[in-house]
Structure formats: C-alpha cells, structure tokens
Amino acid sequence: MDVLLITADGAQPRSADELDVLLADVHAGRGVLWVDVPLWDEAAAAALTHRFGIHPRAATDCARRNPVPKVHLYSDHLFVVLHSPERGARGHVH
C-alpha cells in the first residue's frame with residue numbers, strides 16, 4: 001500500500017502505519033490523503049473497510065479485474081477503483 005500526504009509543500013510519502021494520524025490531519029484541513037493499493041491483499045482490504053469505512057462490496061471490486069472504473073462517494077472521501085492495464089498473450093493489453 002502506497003500512502004501519500006499531499007499538502008501545499010508537495011506529495012510526501014508516508015507509511016500505512018500512520019493512517020490514523022494522517023486521517024486526523026486531513027480532517028483538520030491539513031492536506032489530502034492519497035492511498036494507492038498496487039497489489040490487493042487482506043491487509044489492504046482491512047485498511048479500506050475498517051479505517052475508511054469502505055463498504056465490503058466496494059472493497060471486493062478491488063480484488064477482481066474490471067475494465068470499467070468505479071467511483072464510490074462517501075461523506076468525507078472518494079473511493080476510486082481503477083485497474084491498470086495487464087499484458088496478455090502475444091502482447092495484447094487487457
């Protein structure tokens with residue numbers, strides 16, 4: 001899981017262990033939190049559902065490849081499911 005705190009000073013890489021503190025900073029108006037999950041696993045699922053209140057069905061969307069991006073709106077954040085292209089047989093891109 002890649003975590004960035006985005007402020008007027010730029011994007012600062014942070015640790016997933018800092019999520020609770022970072023969320024408090026963001027709620028206080030001190031930046032925007034960006035969480036990227038390049039490889040889906042149970043730890044990512046737990047962080048999204050427990051810390052961010054993402055609906056379990058929305059989190060399940062992350063585990064399955066889908067060519068259609070999805071956007072879920074919550075009262076204080078936006079959850080986007082967007083899968084990167086995947087190389088297939090003979091160089092085809094999926």
Completion exercise
Regression test value, accessible area per residue of the stretch 5-82, probe 1.4 Å, units Å², expected 69 Å²
Practice task
State the answer as a single residue: which of 91, 79, 47 lies farthest towards the positive end of the charge dipole of the stretch 41-94, with beta carbon charges of +1 for Lys and Arg and -1 for Asp and Glu, about the Cα centre.
Solution key: 91
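Give, in nm to one decimal, the length gained when the segment between residue 78 and residue 23 is fully stretched (0.36 nm per residue of separation minus the Cα-Cα distance).
Values: separation 55, 0.36 × 55 = 19.80 nm, distance 1.36 nm.
Length gained between residue 78 and residue 23: 18.4 nm.
If we count every other residue with Cβ under 12 angstrom of residue 35's Cβ, Lys/Arg +1 and Asp/Glu -1, where does the sum land? Could you put the intermediate results ahead of the total?
Working: positive: 14, 51; negative: 2, 18, 36.
Neighbour charge sum, excluding residue 35 itself: -1.
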Practice task
Determine the gain in length on full extension of the stretch residue 30-residue 66; use 0.36 nm per residue of separation and subtract their C-alpha separation, reporting nm with one decimal.
Solution key: 9.6 nm
Completion exercise
Going residue by residue through the stretch 54-66, the Karplus relation 6.51 cos²θ - 1.76 cosθ + 1.60 with θ = phi - 60° gives ³J(HN,Hα) values, rounded to whole Hz and with x marking Gly or Pro, of 5, 4, x, 5, 5, 5, 4, 4, 6, 7, 10, 5, 8
Fill in the blank from the handout: So the carbon and sulfur contribution to the accessible area of the chain, 1.4 Å probe, in percent, is 56 percent
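Dipole of the chain, Cα-centred, from +1 at each Lys and Arg C-beta and -1 at each Asp and Glu C-beta, to the nearest 20 debye?
On the way: 9 positive and 12 negative charges, 111 e Å.
So the dipole magnitude of the chain works out to roughly 540 debye.
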Completion exercise
Relative contact order as a percentage, the chain, C-alpha pairs under 8 Å and 6+ apart, gives 19 percent
Practice task
Calculate one ³J(HN,Hα) per residue across the stretch 31-36 by plugging θ = phi - 60° into the Karplus curve 6.51 cos²θ - 1.76 cosθ + 1.60, and present them in order as whole Hz with x for glycine and proline.
Solution key: x, 10, 9, 10, 10, 10
Handout entry: Directionally averaged shadow of the chain, computed from the convex hull of its alpha-carbon atoms, nm²
Key = 7.1 nm²
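The values are calculated or read from the model by the stated rules, or taken from the named source; none is laboratory data. As the structure is a computational prediction, the values presented were derived from the model and not from experiment. Cβ: placed from backbone, ideal geometry, glycine included. Neighbour counts: every protein chain shown. Calculation scope for accessible area: heavy atoms of the full protein, side chains included, ligands and nucleic acids excluded. Shrake-Rupley method; radii C 1.70, N 1.55, O 1.52, S 1.80 Å.
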